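Below is one structure, written out as structure tokens; comments come after it.
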Amino acid sequence: MLSQGFVSAAAIAASVLFILSLGGLSNQEKAKRAVWYGIIGMAVAVFFTALGPGIGGYWLMIPMIIIGAVIGTRLARRVEMTEMPQLVAALHSFVGLAAVFVAWSADLERRRVLAERAADGMMQEFSAFAALVATKAPDELMFLQVEVVLGIFIGAVTFTGSVIAFGKLAGKVDGKPRQLPGGHLLNAGAAVLSLALAILYLNGAGFWTLLLLALLAFFIGYHLIMGIGGADMPVVVSMLNSYSGWAAAAIGFTLSNDLLIVTGALVGSSGAILSYIMCKAMNRNFVNVILGGFGGTQGPAAEIEGEQISIDANGVASALNDAESVIIVPGYGMAVAQAQSAVSDLVRKLRDAGKEVRFGIHPVAGRLPGHMNVLLAEARVPYDIVLEMDEINDDFATTDVVIVIGSNDIVNPAAQEDPNSPIAGMPVLKVWEAKQVFICKRGQGTGYSGIENPLFFKDNSRMYYGDARESINALLPMME
Amino acid sequence: MKIGAPRESARGEARVALTPESAKQLQKLGHECLVETGAGAEAGFNDDTYREAGVTVVDSAAALWRDAEVVIKVREPNDEEAERLRNGQTLIAFFWPAQNEAMLEKCRATGATVIAMDMVPRISRAQKMDALSSMANIAGYRAVIEAGNNFGRFFTGQVTAAGKVPPAKVLVIGAGVAGLAAIGTATSLGAVVRAFDVRPEVSEQIESMGAEFLFLDFDNAQDGSESGGYASPSSPEFREKQLECFREQASDVDIVITTALIPGRPAPKLWLEDMVALMKPGSVVIDLAAEKGGNCDLTRADERVVSDNGVVVVGYTDYPSRMATQASLLYATNIRHMLTDLTPDKDGVIQHNMEDDVIRGATVTHQSEITFPPPPPKTRAIGAAKPKPKEKEATPEEKRASETAAFKSQTKRQVTLLAVGGALMLLLGQVAPASFMQHFIVFVLACFIGFQVIWKVSHSLHTPLMAVTNAISGIIILGAVLQIGSGSVIVSILAAISVLIATINIVGGFLVTRRMLAMFQKS
């Protein structure tokens, strides 16, 4: 058994290592080292806490850790990079569920300690957490209850919300926004009811209040995320990421454990910032995204002139052969068609021919922040030619050919030109400024927002219809 | 349908309306192609290349006009050709119906349908068959080449061992298709190019081609644009200002290329005799409006004139024909697009749909009736957009004022936030026990550090960031570890499950992050 001093020192070391691990993600090379800081931090934290004073149940703990580690390893080895959004959502749900369980246990321990205290007034030998509770004054116990309520509520919303997000991303639940009749009133009602239960609990009602509270929060999480469409998932996933952090922090308060608080706060703020960046990239506010749907238009949309002209592989190939600079703008459609390795082959051929090829990535392209970057990295596209929107947006005007693969709203000029458009003001990639734009698309149709894209009707746009992977593969043999 | 291209009868015309390439495309539409022997010779297409493309070569013009159901030509028909037209036949050519009323009547009488390529409306859908633009583009290019031919110096500035060569200064008047092509060609040869146009909205196009737009300081803002993207006549005051501007330029520029035309009128005189007199000897004036009387006083159509002070004034009118191969390729493609629209089902049957804006606009006689002038097209013409008013540059004082205002409001917001936050903390401190406040300090500081650190994370690493935060949020395992040794069985079971799933989270999260990061490779 190590003394409490050892455990605290380990906690400090772990906190510092976690901060370094997140800070290291500022560039690709440092990140490879930084992830080790995280791993070591975690190992230190778990090892020293487990050896700390008053910890028992090793016969249960160690097998569980081993089983968990095996499952985790298999998951991480098997997952396809296109499935990353699902995996992240699934892992969030675990944190949420664990938070609910830990908070429940905390309350059970509290009751046990109080019962013992009332029974004989004698302090018997308690295990770690129970011993801590036993030292608490009444007002501290009151606060502990508030923390338990918060932990359960946030944890439960995170759990069902993540399960639904997982289902939507994996295609197991319909991606369209669905709500029960009553819509957000149901959510509001459930929230009010939860508050009432929480007050009852604080006033000494039984453990059933916490069970009911968790059920209500499960419902809110389920219903809230069901009402959000597939393309808004980047915001949802980062929001849930944030929640899982706040849940951990709430549990940290309950357990009076600073390491949990620090880590929870880090994760919580990380998720919050990611959600903020995503919302900003869609020019919508957070509430609008979570409550679902695009707002009404402020007037008739500007009329679109011209026609969509289609082109065959020969035409695209000859334009690429003539071009000196090419920018590729991928979207979720590329991930759906699994076209990234075909795109990578095309890029290699173009680069071998001495052409300048770059990628333009919109912050909300894909179903997870930074998703496109990971897919392209998996396909062995070097990361230094994959640029962010702000880095590349001014270069379109001097580019010969732009290929848009499976993205729609993020290249919609209406966002800048038509103040009546539902997406007016959203920052978009200005692909139409290039000399020629080829849009690789399955068929005529609108994007997630359901609005027509004037880009397709521009004089310098050509539609290259077909499955993205087959279309790009068809180009490969024609490259000189 | 049989589509036939006769040899051009006009003197000096080298272009041809059918190329082997366009013939192949027409055959894909289900048509059969004919060509008069020798029709493409001057444009660089001999009879054999036509035969290779599956075109039937016909011996005489008479036979071609007899066999073909659709005759495609470059120039308007002469009397003999008009007589060969018969009922039900279609003729596609440049026709200039407004200037050729007698010929229009003659064609109408035969009952043939005539489609005038010069009447294709200027809407974006019809750009692919806008033969006037393709020809103007060639004229603009050729004008610069012709100028170079007559100009005794380099276009580009050079510093050589034998001394410094200044770049040629080129002035382009009228920035239509020809003018813009001339600007592009001259800038790519290295000349310093200035351009003028009465339509201010083209200034952006001029600047995008690399030329300087000569801006007139005129109260009634110069605006000579009319529907359809063409220029309209200007007021006398405006004209005076304009000439004054040109006079200033005359002594400075080496090459002047004029392309100013107003539809249905003689070309405006813009480069007067005194301006030519001001120019340096050896300078060149290329007048692309020579056919309509010329923009320059000295211009004589189809001739090269040298002024008293040694300025060369070129008034050729046949620039496209001087580049017959290129012109034929583009013109044949325009014709091919027209025929594609006339054959919507790609079955070799021509459907003359008079409801279609483009076909209606270009048709001048149909079913023994004159259908010129056409009603205005249903779609708005391109190029009529008005320029946006230029935004006023803020003065330094205004800039500083707005900056201080922004700074003040920012300070105000921050102070309010801090005050509200401080008040809340104070309230919380009143009710919360001391041990809670200690943890709360840690929490708030950790949030601050989190915000600072996460803002620096590169956008491209957001997915690994989510995976790694996922892994470290598995720290909740500590909560379960603290409880697992509890005396209560339920608590132990709950804690055991928590340990299990939190471990999955930690191990899965870290391993998948490592996998992802290993993929990021530098080129």
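The values are calculated or read from the model by the stated rules, or taken from the named source; none is laboratory data. Predicted model only: the values in this text are computed from it and were never measured. With ideal geometry, Cβ positions are generated from the backbone for all residues, glycine too; neighbour counts draw on all protein chains shown.
Points to keep in mind about this one:
- Residue within region A:46-56 that is part of a helix (DSSP H, G or I) and under 27 Å from the mean Cα position of the chain (by Cα) present: yes
- Scanning region A:17-33 for residues that are more than 8 Å from chain B (Cβ to nearest Cβ), without any contact (Cβ under 8 Å) to a residue 24 or more places away in the chain and either within 15 Å of B:Ile449 (Cβ to Cβ) or among the hydrophobic types (A, V, I, L, M, F, W, C) (or both) yields A:Leu20, A:Gly24.
- Filter result for the condition that a residue is of a type in the set (Gly, Ala, Ser) and more than 8 Å from chain B (Cβ to nearest Cβ), over A:Ala99, A:Ala90, A:Ala76, A:Ala45: A:Ala90
- For region A:73-96, the tally of residues that are buried (at least 24 other Cβ atoms within 10 Å of the Cβ) and of a type in the set (A, V, I, L, M) stands at 6.
- Against the criterion of being within 17 Å of the chain's Cα centre (by Cα) and in contact (Cβ under 8 Å) with a residue 12 or more places away in the chain, B:Val198 does not qualify.
- Considering region A:40-64, and only residues there that are modelled with pLDDT of 90 or more and buried (at least 22 other Cβ atoms within 10 Å of the Cβ), the residue that is farthest from B:Gly479 (Cα to Cα) turns out to be A:Gly41.
- Qualifying position, being more than 28 Å from B:Arg322 (Cβ to Cβ) and under 30 Å from the mean Cα position of the chain (by Cα), among B:Lys28, B:Lys24, B:Lys2, B:Lys73: B:Lys28
Condition check ((1) surrounded by 24 or more Cβ atoms within 10 Å (Cβ to Cβ); (2) in a helix (DSSP H, G or I); (3) out of contact with any strand residue (DSSP E or B) (no Cβ under 7 Å at 6 or more places or on another chain); (4) not β-branched (Val, Ile, Thr)) across all residues:
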{"residue": "A:Ala365", "(1), (2), (3), (4)": "yes, no, no, yes"}
{"residue": "A:Leu368", "(1), (2), (3), (4)": "yes, no, yes, yes"}
{"residue": "A:Leu375", "(1), (2), (3), (4)": "yes, yes, yes, yes"}
{"residue": "A:Arg380", "(1), (2), (3), (4)": "no, no, yes, yes"}
{"residue": "A:Leu387", "(1), (2), (3), (4)": "no, no, no, yes"}
{"residue": "A:Glu391", "(1), (2), (3), (4)": "no, yes, yes, yes"}
{"residue": "A:Asp394", "(1), (2), (3), (4)": "no, yes, yes, yes"}
{"residue": "A:Ala397", "(1), (2), (3), (4)": "no, yes, yes, yes"}
{"residue": "A:Val404", "(1), (2), (3), (4)": "yes, no, no, no"}
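- Filter pass, B:Ala63 being surrounded by fewer than 24 Cβ atoms within 10 Å (Cβ to Cβ), among the hydrophobic types (A, V, I, L, M, F, W, C), assigned by the TED database to the domain that holds B:Asn87 and more than 27 Å from B:Asp341 (Cβ to Cβ): yes
- Test for A:Ser162: is it under 30 Å from A:Glu140 (Cβ atoms) and either at pLDDT 90 or above or surrounded by 21 or more Cβ atoms within 10 Å (Cβ to Cβ) (or both): no
For (1) touching a Leu at 6+ places or on another chain (Cβ under 6 Å); (2) at pLDDT 90 or above; (3) assigned to a loop (DSSP other than H, G, I, E, B); (4) of a type in the set (A, V, I, L, M), each residue gets a yes or a no:
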| position | (1), (2), (3), (4) |
| --- | --- |
| A:Asn314 | no, no, no, no |
| A:Ser318 | no, no, no, no |
| A:Ile327 | no, yes, no, yes |
| A:Val343 | no, yes, no, yes |
| A:Arg348 | no, yes, no, no |
| A:Arg351 | no, yes, no, no |
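- When A:Leu216, A:Leu259, A:Leu255 are checked against the criterion of being more than 11 Å from chain B (Cβ to nearest Cβ) and touching a helix residue (DSSP H, G or I) at 6+ places or on another chain (Cβ under 7 Å), A:Leu216 stands alone in meeting it.
- Apart from one condition, A:Ile405 fits all of (1) within 14 Å of another protein chain (Cβ to nearest Cβ); (2) within 28 Å of B:Arg515 (Cα to Cα); the exception is (1).
- Test: A:Ala106 is buried (at least 19 other Cβ atoms within 10 Å of the Cβ), in contact with a helix residue (DSSP H, G or I) (Cβ under 7 Å, 6 or more places away or on another chain) and modelled with pLDDT under 80: no
- Residue identified as under 34 Å from the mean Cα position of the chain (by Cα), surrounded by 18 or more Cβ atoms within 10 Å (Cβ to Cβ) and within 30 Å of B:Asp347 (Cβ to Cβ) among B:Val58, B:Val35: B:Val35
- Of the strands (runs of 3 or more DSSP E) lying entirely inside region B:263-338, those containing at least 1 residues that are surrounded by fewer than 15 Cβ atoms within 10 Å (Cβ to Cβ) and in contact with a strand residue (DSSP E or B) (Cβ under 7 Å, 6 or more places away or on another chain) span B:304-306.
- Condition check for A:Met389: outside the structural domain of A:Ser26 (by TED's automatic domain parsing), farther than 26 Å from B:Leu461 by Cβ and of a type outside the set (Asp, Glu): no
- For region A:340-394, the set of residues classified as among the basic types (Lys, Arg) and more than 7 Å from every other protein chain (Cβ to nearest Cβ) consists of A:Arg348, A:Lys349, A:Arg351, A:Lys355, A:Arg358, A:Arg367, listed by residue number.
- Of the residues in region B:143-165, at least one is surrounded by 23 or more Cβ atoms within 10 Å (Cβ to Cβ), outside any loop (DSSP other than H, G, I, E, B), touching a Leu at 6+ places or on another chain (Cβ under 9 Å) and in contact (Cβ under 8 Å) with a residue 60 or more places away in the chain.
- Criterion (on the phi > 0 side of the Ramachandran plot, without any contact (Cβ under 8 Å) to a residue 12 or more places away in the chain and more than 9 Å from chain B (Cβ to nearest Cβ)) met by exactly one of A:Gly171, A:Gly167: A:Gly171
- Flag for B:Ala17 being within 26 Å of B:Arg322 (Cα to Cα), in contact with a strand residue (DSSP E or B) (Cβ under 8 Å, 6 or more places away or on another chain) and modelled with pLDDT of 90 or more: yes
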